[in-house]
Amino acid sequence: MMQRTVSMVSRLGLRLQAPPLALGRPLSCAQDVLRRTPLYDFHLAHGGKMVAFAGWSLPVQYRDSHIDSHLHTRRHCSLFDVSHMMQTKIFGRDRVKLMESLVVGDIAELKPDQGTLSLFTNEAGGILDDLIVTNTSEGHLYVVSNAGCWEKDLALMQDGVRKLHNMGSDVGLEVMDNALLALQGPTAAQVLQAGVADDLRKLPFMTSAVMEVFGVSGCRVTRCGYTGEDGVEISVPAVEAVRLATALLENPQVKLAGLAARDSLRLEAGLCLYGNDIDEHTTPVEGSLSWTLGKRRRAAMDFPGASVIVPQLKGKVQRRRVGLTCEGAPVRMHNAILSTEGTVIGTVTSGCPSPCLKKNVAMGYVPYEYSRPGTPLLVEVRRKQQVAVVSKMPFVPTNYYTLK
């Protein structure tokens, strides 16, 4: 998903040796209170440097440098443990009704085993979280949402279930305890094909199927990811996670990658990080996510916050999320964005040096009149002003697999 995780990694630099604080704090005596994925010991055995992130203990990187890991993903493929994400099944006759009472997307139009990125919104039009909803052919909706919004999202969905129950509707939810592995990169499909009977050429971007993967049955393979590359996310029974990860790593194309590479990859791909680039004070239109609003839903204005969001589609919003590129010192979250006259007009929400482009890339919010690509601006880094240019996103072309 535009995967999707909270307040992480904005302070990544090309010389990353130890995990920066924004990425997660190094583990200390508090590590016992952190949740562990089924691959925790596996990460340690493979040299994973563990940090605290969204209440979980996760690897920020392994023995390879952050940059090497990032570039390996772009050229070959990498395996990420994203088991901290919340996976939920929504079932019952009124499952679509429940989901459409909470999100902006057209869930009813999804074909069997098709998925979409959507947004939970509040009545003020703010984004509560981003998530992927898949209409499975097994008769339930499969929802993947952010670890940092776990309690909030679960309460939101449970409240929706209660309201529908009170109206006599048939709907329920179950939080799954599966692990979730993301295999990302141009050779991901080739690597995976060796371990599955299904023809992956028939599984395009944002579609999903249940299959046996390297001898592990009951895996849900979804063609999606958070890197801009072709790849899959594999929902696997927790007890089989290490076995599957080990089988995938036997292919020399595959290397393990952590939170550091995941963040720089998603930023190059122009994908939002919830809590940084979008939050409860950002509308989908301000966040340049209008495409998530289903056409039927816009017309019906029947999603939370529609009375705020839909008029923004026709008028000019006060601010927009934009991409920025610049030379010089790395641009970081919270750095000020200025007009060429030196007036502060906005704030950077994510930024890092791009390993592929060899220059700094960032996202931030600026007034509508400064949002056109090519607009020259300034960013303030360490009390010095640097020239920046509003740039189209993605910064690095995406390589999603779609059927021609």
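The values are calculated or read from the model by the stated rules, or taken from the named source; none is laboratory data. If you're wondering where the values come from, they're calculated on a predicted model, not measured in any experiment. In this analysis, Cβ positions are derived from the backbone assuming ideal geometry, glycine residues included, and neighbour counts consider all displayed protein chains. We work out accessible area using only protein heavy atoms, side chains counted, and drop any ligands, DNA or RNA first. Shrake-Rupley method; radii C 1.70, N 1.55, O 1.52, S 1.80 Å.
Structure notes:
- Nonlocal amide H pairs with residue 227, under 5 Å, H built at 1.01 Å: none
- For the range 291-300, Karplus couplings with θ = phi - 60° (6.51, -1.76, 1.60), whole Hz, Gly/Pro x: 5, 6, 7, x, 4, 5, 5, 4, 5, 7
- Residue pairs exceeding 19 angstrom between C-alpha atoms, taken from 97/163; 152/295; 314/392; 49/359: 152/295; 314/392; 49/359.
- At a probe radius of 1.4 angstrom, the accessible area of the chain per residue rounds to 41 square angstrom.
- Whole-Å semi-axes of the ellipsoid equivalent to the chain (Cα gyration tensor, √5λ, descending): 31, 28, 19
- Directionally averaged projected area (the range 78-236, Cα convex hull): 9.2 nm².
- In the range 124-213, the ratio of gyration radius to Kirkwood radius, Rg to Rh, stands at 1.04 when only Cα atoms are counted.
- In this Cβ point-charge picture (+1 for Lys and Arg, -1 for Asp and Glu), the chain has a dipole of about 1100 debye about its Cα centre.
- Taking the C-alpha atoms of the range 86-175, convex hull volume expressed per residue in Å³: 83 Å³
- For residue 349, the residues whose modelled amide H falls within less than 5 Å of its own, excluding neighbours fewer than 5 places apart on the same chain, are 334, 363, 364, 365.
- Distant-in-sequence amide H partners of residue 53 (H built 1.01 Å from N, under 5 Å): 58
- Kirkwood Rh and Cα Rg combined as Rg over Rh, evaluated for the range 317-392: 0.92
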